[in-house]
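Participant: Please read through the structure below; I'll follow up with questions.
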Protein chains: 2
Amino acid sequence: MHLRMTNQRERILQELQKSGKHLTADELFKRVKKVMPRISLATVYRNLETLSAAGIINKLEISGRRKRFDYDVSDHDHIYCVHCQRVDNVPLDRTSIKTPSSVTAHGYRITGFRLEFAGLCPACSGKKERVDTKIADE
Amino acid sequence: MHLRMTNQRERILQELQKSGKHLTADELFKRVKKVMPRISLATVYRNLETLSAAGIINKLEISGRRKRFDYDVSDHDHIYCVHCQRVDNVPLDRTSIKTPSSVTAHGYRITGFRLEFAGLCPACSGKKERVDTKIADE
DNA sequence: ATTGACGGGTTAATGATTATCAATTACAAA
DNA sequence: TTTGTAATTGATAATCATTAACCCGTCAAT
């Protein structure tokens with residue numbers, strides 16, 4: 001099952017790579033639109049789904065609502081800003097995490113895990129001092 | 001800042017505790033409705049938000065779309081079934097996870113982390129054999 | 001040329017959650 | 001008690017992200 005590289009599919013992929021960021025479908029749509037004004041948002045969603053299903057890109061489901069997509073498919077974890085929703089990579093030693101035994105996991109057959117850090121990005125950390133109290137009980 | 005315990009607020013809390021599960025707003029709504037038929041879904045959403053903001057219950061944002069609420073506010077991680085969405089606790093030693101330094105985390109001020117396991121619950125694991133292939137590339 | 005699968009664009013629909021708003025209730029001061 | 005004020009409720013509309021439906025165009029194999 002190899003997949004056809006259509007113009008829009010390729011452009012979506014290119015823009016994601018070029019950005020070097022973890023973009024939402026909507027953000028990517030805006031970028032691609034600049035170069036392909038007639039592209040549809042549905043096409044972006046469809047192709048992001050197709051591409052991630054094919055393992056070419058990575059679909060991230062971070063806390064909060066919108067999915068983000070990552071050109072980097074290698075194993076790594078993420079950190080997101082609780083204030084501006086920005087997402088960055090966290091190069092971390094994942095080997096420290098021991099998969100719990102089936103017993104402790106109520107008999108589940110474990111297929112994977114996800115580690116995600118939360119915090120304030122440099123920009124938001126600087127701007128807001130009193131956010132700390134709000135973050136504390138979140 | 002203490003919060004007023006209204007009838008509906010208390011009942012929502014009670015039902016969540018009684019269930020012993022990780023329920024969605026909607027599931028909880030159905031349960032509470034049996035005993036308070038006039039309660040509104042919005043009231044359930046509002047109070048779950050209020051209660052979790054006050055630290056009385058825990059709001060879980062697991063992969064996927066719907067939020068779930070947990071009566072247990074102690075530090076623990078979760079596992080969810082990729083097939084039926086069920087969520088269970090994972091008693092795990094969280095101390096094994098080292099918070100990355102600010103440097104590796106792009107200068108973030110880290111406030112917390114979330115570890116979440118995915119898998120097939122006993123029920124779904126038994127029923128479906130060929131799900132494995134589907135799960136594999138997800 | 002014909003067929004048929006695959007994408008694409010447009011638009012409508014869905015599902016979860018949040019916002020709005022008028023009516024009601026709780027509580028504290030008079 | 002009465003009254004003023006603010007919080008809370010129920011009903012409903014709105015929002016947001018995502019997906020589905022639909023029809024049309026393109027290209028590759030027949």
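The values are calculated or read from the model by the stated rules, or taken from the named source; none is laboratory data. Computed from a prediction, not measured in an experiment: that's the story for all the values here. Methodologically, a virtual Cβ is constructed for each residue, glycine included, from the backbone with ideal geometry; neighbour enumeration extends over all protein chains shown.
Participant: Counting only residues that are within 9 Å of DNA strand C (Cβ to nearest atom) and touching a residue at least 40 places away in the same chain (Cβ under 8 Å), how many does segment B:62-72 have?
Facilitator: 3
Participant: For B:Ser63, all conditions in the list (1) over 11 Å from the mean Cα position of the chain (by Cα); (2) within 16 Å of DNA strand D (Cβ to nearest atom) hold save one; what is the number of the exception?
Facilitator: Single failed check for B:Ser63: (1).
Participant: Sort out which residues of segment A:33-54 are more than 9 Å from DNA strand C (Cβ to nearest atom), more than 16 Å from A:Leu3 (Cα to Cα) and surrounded by 15 or more Cβ atoms within 10 Å (Cβ to Cβ), and write them in order of number.
Facilitator: A:Lys33
Participant: I've got another one for you. May I ask you to list the residues in segment B:18-32 that are more than 14 Å from DNA strand C (Cβ to nearest atom) and surrounded by 12 or more Cβ atoms within 10 Å (Cβ to Cβ)?
Facilitator: Going through segment B:18-32, the residues more than 14 Å from DNA strand C (Cβ to nearest atom) turn out to be B:18-21, B:31-32.
B:Ser19, B:Lys21, B:Arg31, B:Val32, listed by residue number.
Participant: Tally time: how many residues in segment A:82-111 are more than 19 Å from B:Lys98 (Cα to Cα), at the interface with chain B (Cβ under 9 Å from one of its Cβ atoms) and at pLDDT 70 or above?
Facilitator: Qualifying residue count, segment A:82-111: 7.
Participant: Inside segment B:53-75, can you point out the residues that are out of contact with any helix residue (DSSP H, G or I) (no Cβ under 8 Å at 6 or more places or on another chain) and either in a loop (DSSP other than H, G, I, E, B) or facing chain A (nearest Cβ under 9 Å) (or both)?
Facilitator: B:Ala53, B:Ala54, B:Gly55, B:Glu61, B:Ile62, B:Ser63, B:Gly64, B:Arg65, B:Asp72, B:Val73, B:Ser74
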